[in-house]
Amino acid sequence: MTKTCLVTGCAGFIGSHLTQSLLDAGNFVVGVDNFASGYAHNMENFNDHAGFTFYERSIAEEGLLTELKQSHPELDVIFQLAAVVSVPYSVEHPELTMQVNFEANRDMLDAAREMGISRFVFAGSAAEYGNEDRLPVKEEYAEEAEQLSPYGVAKYKSSVYIEKSGYGCSLRFFNIFGPRQDPTSQYSGVISRFVDFGLAGKNMVIFGDGEQTRDFLYVSDVVTSYLIAAGLDELGRGPLTGIYNVGTGSGRSVRELATVIAGLTSAPEDIDFKPERAGDIKHSRADVSKISAEGFKAEVSFEDGLAHTVEWAEKSQS
């Protein structure tokens, strides 16, 4: 069942984990990244792997997939993770965001279908739901949502295009965390920033009262969902077609998050509370019933995931 897979964004936080997992399972991987938000050091563990071929390219380049298919005729699975990932950047560069996060996805999907590539899996986002206050958030709520940024709009348009095509699937991920998430990046999630504070012995900083909640999902569970979606799961789950939320289905407060990380690091127990930021979503939690029906369940606990993340961060700083 060995497959040749294209992973775009292979030098990113999530793409590097997915690439490593595919290679470990005996698959071949064609990796694409232009290092707009990825890092070469994320590929250190597999850059010299015999089954890995890397191209420093942008998914917005015309004819890219055609070239890759000609060079790798056996290419049969696409994981499309490459994107403009910063919401603030998308607000400042809406046209580029639409080009990369929608138009390039649409063109790649169309080309893949014409080539007869069997699987196409797209990295969707909870940003497609905007400021949704109905919990848990169901897939169909996005149809009525007002996305809050060009990033959210482009991701939503891509998901809808995939669903209407009847080919491939979009995985709408909630709050992903884990090793290799860059705490210095403007795109970084609250967990990686808190870990950075903790290891520096600094107080945790929370905007608002800390009671806002998020659905935090560990990166290895994200990889599992990708493998299920592509039909490459070792338990035989998948493949999937359409749109699926991916999360734990549980909400954890930011205050609780800060407390746990402080206990895992040298951070003071006292938390610095700052004024709530305008536009922040108060609560977010995925309805995961659709993907659960396909056999997916998040396996890594919140506490274990944080411990793994802190351990990695400590080693990377030493």
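The values are calculated or read from the model by the stated rules, or taken from the named source; none is laboratory data. Everything numeric here is computed off the predicted structure, so don't read it as measured data. Every residue, glycine among them, receives a Cβ derived from its backbone with ideal geometry; neighbour counts consider all protein chains shown.
Filtering region 139-172 to residues that are surrounded by 16 or more Cβ atoms within 10 Å (Cβ to Cβ) and assigned to a loop (DSSP other than H, G, I, E, B) leaves A145, Q147, L148, S149, Y167, G168. Only one of the numbered conditions (1) over 25 Å from P179 (Cβ atoms); (2) in contact with a Gly (Cβ under 6 Å, 6 or more places away or on another chain); (3) surrounded by 20 or more Cβ atoms within 10 Å (Cβ to Cβ) is not met by L75, and that is (2). When S86, S125 are checked against the criterion of being within 21 Å of S170 (Cβ to Cβ), without any contact (Cβ under 8 Å) to a residue 60 or more places away in the chain and of a type in the set (S, T, Y), S125 stands alone in meeting it.
Would you call E314 under 20 Å from the mean Cα position of the chain (by Cα), over 19 Å from K138 (Cβ atoms), loosely packed, with under 15 Cβ neighbours inside 10 Å and in contact (Cβ under 8 Å) with a residue 12 or more places away in the chain? The answer is no for E314. Whether a residue is modelled with pLDDT under 95 and either touching an Asp or Glu at 6+ places or on another chain (Cβ under 6 Å) or of a type in the set (G, A, S) (or both) was assessed, and A127 passes this test.
If you go through region 52-94 and keep only what is charged (D, E, K, R), more than 21 Å from the chain's Cα centre (by Cα) and farther than 24 Å from A229 by Cβ, you end up with E61, E62, E67, E92.
Filter region 290-310 for residues that are under 24 Å from D182 (Cα atoms), surrounded by fewer than 17 Cβ atoms within 10 Å (Cβ to Cβ) and small (G, A, S) and give the result. Selection gives S301, A307. Pairs are defined by a Cβ separation below 9 Å, a sequence spacing of at least 6 or placement on different chains, a first member in region 39-60 that is free of Cβ contacts under 8 Å to residues at least 60 places away in the same chain and among the basic types (K, R), and a second member that is surrounded by 15 or more Cβ atoms within 10 Å (Cβ to Cβ) and in a loop (DSSP other than H, G, I, E, B); the pairs so defined are R57/D33; R57/N34. Filtering region 182-228 to residues that are at pLDDT 90 or above, surrounded by fewer than 18 Cβ atoms within 10 Å (Cβ to Cβ) and under 18 Å from the mean Cα position of the chain (by Cα) leaves only S220. Candidates are the residues of region 277-291 that are of a type in the set (D, E, K, R), touching a Lys or Arg at 6+ places or on another chain (Cβ under 9 Å) and in a loop (DSSP other than H, G, I, E, B); the one that is farthest from E139 (Cα to Cα) is R285. With a requirement of 2 or more residues that are in contact with a helix residue (DSSP H, G or I) (Cβ under 6 Å, 6 or more places away or on another chain) and not β-branched (V, I, T), the helices (runs of 4 or more DSSP H) lying completely within region 3-117 that satisfy it span 13-24, 64-71, 94-98, 104-115. The set of residues in region 262-289 that are within 29 Å of R134 (Cα to Cα), at pLDDT below 95 and buried (at least 20 other Cβ atoms within 10 Å of the Cβ) contains only S284.
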